[in-house]
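Accompanying notes for the structure given below.
The values are calculated or read from the model by the stated rules, or taken from the named source; none is laboratory data. Since we're looking at a predicted model, the values are computed, not measured. Cβ sites come from the backbone with ideal geometry, for glycine too, and all protein chains shown count toward neighbours. Side chains are part of the model used for accessible areas, which takes the heavy atoms of the whole protein and leaves out ligands, DNA and RNA. Shrake-Rupley method; radii C 1.70, N 1.55, O 1.52, S 1.80 Å.
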Amino acid sequence: MREISKQFDFKEREGAIYKLWEESGFFNPDNIESAKRYCNILPPPNANGELHIGHASGYTVMDIFGRFERMNGKKVLLLPGKDHAGIQTQVVFERKLKEERGITRQMLGREKFYQECYDFCINRSDYMRSQEKRIGISADWSREKFTLDPDGLKTALETFVKMYKDGLVYKGHRIINWCSRCGTALSDVEVEHKEREGKLYHIKYPVKDSKEFVVVATTRPETMLGDTAVAVNPKDKRYLGFIGQTLVLPLQNREIPVIADRRIDMEFGTGAVKITPAHDMLDWQIGKDHKLPEIQVIDEKAEITLEGGSYAGLGVSEARAKIITDLAGQGLLEKEEALVNNVSVCERCKTVIEPLVSKQWFVKVDGEKYSLKKKTLELIKSGKVEVYPENFKKILIQWLGNLQDWCISRQIWWGPRFPVWYRGEETYVGLEAPKGDDWIQDENTFDTWFSSGQWPYTTLGYPNGKDYKNFYPTDTMITGRDLLFFWAARMLMLGQYRTGKTPFRNLYFTGLVRDKEGHKFSKSRGNGIDPLEIIEKFGADALRLSLVMDISPGQDSRLFEEKIESFRNFVTKLWNIFRYCEQSDVEFALVEKISKRDLKTLADKWIVSQLEDVVKKVSEHMKDKNISLAQDALRKFTWDSFADWYLEINKMEKNSKVLGYVLDRILKLWHPFTPFVTEEIYGILNSGSNVLMMAKWPKSEKKFIDAKAQTDFSDLQDLVAKIRNMRANYHIDPTELLEGYAKAEIEKEIIGKLARVRIGTGGVKKKMIQVSTRLRTLRLDIAKSIDVAKETASIRKEIANLENLIAKNEGMLKNKKFTAGAPTEVILSAKNRLEEYKEKARVQKELEKNLSRL
RNA sequence: GGACACGUAGCUCAGUUGGUUAGAGCGUUUCCUUGACAUGGAAAAGGUCAGAGGUUCGAGUCCUCUCGCGUCCACCA
């Protein structure tokens, strides 16, 4: 007999097992013969760092479904890749340049910077790939993609050209969100709104040729340098007389009108609002409607421009301080109020966003010829894409409804450049530079999400690639709920537009992984959990289980070591089940098929019946994409039924055929969740002839479902539990062998071993106490240890409880509305239950009587 | 201001067309070195399923309101 260690040596074995899978070739769907297909394009992580626990969580879900589908005989493609992640990578790489070489990107120049950044990403990708493999992802690495790969990129840029021709993109002079630190425009979703303590300044604007003032309230006094009007609500009686008058803008001595606009809230501040069309979203709208001039007083570095007169060159916050001082000096600052207001910050670097008017490229989301917005709404509402959890559908629909044009140009260097060329007044849009000299290419690069939003079909070689034809639309997209708008919505929009089809049929969201206190993992907080460290310490299988067990889609979860540890313990359990089986028989082997004749004892019938039940449940839960319920059912069966009961009984009633059969099936059922340990066990027992990864997913065999065995065995369990319970209640030494007597035939050996009772030798004694279940009766010689009053009380309590239940069920069954309205199954089960309670009550009453004789 | 979640055992969470006496893991208490496993086993304690109404034969599950916590959206200057 071979020597098998007490625990699965995951550290030693995981690498080799992964290699075995890779060498089998079955990560590549081309090597699988099947007409059925399953495809999941894996979300590409940013190629600038390393894997974090969020990636691990998503990948685990993807791999579980991938392995499940593969075992169900499908050609499975999990297509991995990496994202160039424009702004974020540029930030990371610039920091690296500064730290390591003390240089800026300007010192390198655009081309060199791009090349070095590219190499950096490729390098990081290699590292990240090795991390992904550690988690056990069964992805086809031969198809791995990068968002800047020439073929896919070409497709993505073609989309832009097509959109240009369709009038769905335009270059416009509009107000946009500007991050002065990243030096680029941002789309609306890249801006976060944070509540901050601020101040509301009340500033007096003198009326021209008058001693009167209009007092405006603002949180951003520095923008007053660019004011071109003051607006009030036309219904606001306080200001009726001022509408149409001219004010003198303090500090600038510029004359500006008082205008009326319905969008002004009379309740807020003073009801009079300074209008700065160049630096505020609403003001820009109002400025457009009232044809007000735009005066840019803040530049791209968040400094005051020459238009700002004496404040020119100051940073925004310095300017604010100086302006407040100056206004106070002139007696124009009426008061300051504390105020909590929303500040817009850059999603990447948290720098305060400056709204600026700028010339940028936009996607028209609601064009006349084609409306991305409406088509996507139709797609979602039609149910061509299923969303998990379902309520995220509503969020998507609401978001799409409010969608504004999408700014897609970025002023960074890292990323694909716009396929647009200019010569004088001419503009050319196309994949290649036009012929002729003097054409200058647009400086802008694309929003990362413009290319990753096309990921499902650029990776498959749209429009003519074989993979595209075979695998598109893909089956499932699994992504973090934080990417709902950034990515998921854009994939739907662009996929539907470009290919005319939904990019995926199922959209599954994972929640965020948080720490034990519910905080987000973050570098600054220092609470990160490194997936690789966890794998080192507890193994990849334990990590996988802890990331998906007891978790529902879209819902955040918490991860901490004690939790992972308990799943590591489960892996050990699985391993020891195998160890027991191995040692139970010198010729122990896995068994693929058994017949009814192989089921010799009640325990055999029971465990196989339970197993078939679990196969059915797990398969159904997996089809419903309910990983958690699948695992729950499996774990209960494996640990409670198989290990704690069947194995114990099997020690007395050997049946290695049943053992081999059950083990074979649970290895298969567990494989998607814990691929490493199951593959290892399978390999040892199967002499490595096949990989478990390609084994067929079990089918539930109805012929083994045996309701009678289930009830009978659970009655036996009840009896054992009762005896154990008595021992514990009366502090009877657990090692003490009790004398017992049974009139009818009973599982002497099992009860003897599990409850430590020697049955049948001494015959019935007067002082024996009766222990009964519905189907079994036993007399035990523990009467002298029993506290009759205590025992009677507890029995009476149970009788009362049962009578309650009997009354409840009888009432139910007498109720005509119930018998008329409830489904037959429910009625039937109520009837059965009632009989069961009655029987139990009878048994208890008999016990009570027996007890009274002691 | 609008929307969406969440509130179930001390802690972390399951509970999917409303239908067994509401579950698990961890933790706690008592006991067990029984040759698969102490990363284990047995027994137990612990819940008016946030609160109040309603619908129903029947509600943790559906509806309304309240309270609490959170997230997202929005042009609160």
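Provide the percentage of antiparallel DSSP beta bridges, counting only those with both residues in chain A; round to the nearest 5. Beta bridges within chain A, antiparallel portion: roughly 70 percent. Within segment A:654-668, list the residues whose amide N lies under 17 Å from a label point set 7 Å along Cα→Cβ of residue A:703. Counting only backbone N, you get A:658, A:661-662. Counted residue by residue at 0.36 nm each, then reduced by the alpha carbon distance between them, the extension gain from residue A:422 to residue A:556 reaches 43.4 nm.
Using 17 Å as the cut-off for backbone N distance, which residues of segment A:550-580 belong to the label zone defined by a point 7 Å from the Cα of residue A:390 along Cα→Cβ? Hits in segment A:550-580 for residue A:390 at 17 Å: A:552-555. Alpha carbon centre of segment A:479-558 versus segment A:260-324: separation in Å? Comparing the Cα centres of segment A:479-558 and segment A:260-324, I get a distance of 40 Å.
Can you give me the solvent accessible area of residue A:803 with a 1.4 Å probe, rounded to the nearest 10 Å²? The value for residue A:803 is about 80 Å².
Length gained on full extension, residue A:330 to residue A:595: 85.5 nm, using 0.36 nm per residue less the C-alpha separation.
Here residue A:730 and residue A:839 are evaluated by their C-beta separation; at R0 = 30 Å the FRET efficiency comes out at 0.70.
Cα centroids of segment A:48-78 and segment A:715-779: 50 Å apart.
For a straight C-alpha distance cut-off of 12 angstrom, the aspartates and glutamates reachable from residue A:322 (same-chain residues fewer than eight places away being disregarded) are A:222. Computed from the Cα positions only, the extents of chain A along the three principal axes stand at 119, 64, 56 Å, in decreasing order. Axis of helix A:150-165 versus longest Cα principal axis of chain A: the two differ by about 50°, to the nearest ten degrees. Projected label points at residue A:466 and residue A:852, each 7 Å from Cα along the beta carbon direction, are separated by 8.4 nanometres.
The simple Förster model, with R0 at 25 Å and r as the Cβ-Cβ distance, assigns residue A:141 and residue A:537 a FRET efficiency of 0.45. For residue A:770, the amide hydrogen comes within under 5 Å of the amide hydrogens of A:780, counting only partners 5 or more places away or on other chains and with H modelled in the peptide plane.
With 0.36 nm allotted per residue and the present C-alpha distance subtracted, the residue A:289-residue A:824 stretch has 185.9 nm of extension available. Would you please state which residues of segment A:34-50 a label at residue A:505 would reach in this model, taking the label point 7 Å out along Cα→Cβ and a backbone N cut-off of under 18 Å? Once the point is set 7 Å along Cα→Cβ of residue A:505, A:34-42 turn out to lie under 18 Å by backbone N, inside segment A:34-50.
Taking a probe of 1.4 angstrom, what is the accessible area of residue A:295 in Å², to the nearest 10? My reading of the accessible area for residue A:295 is about 30 Å². Using Cα centres only, tell me the gap between segment A:159-214 and segment A:432-471 in whole Å. If we compute the Cα centre of each part, the gap is 30 Å.
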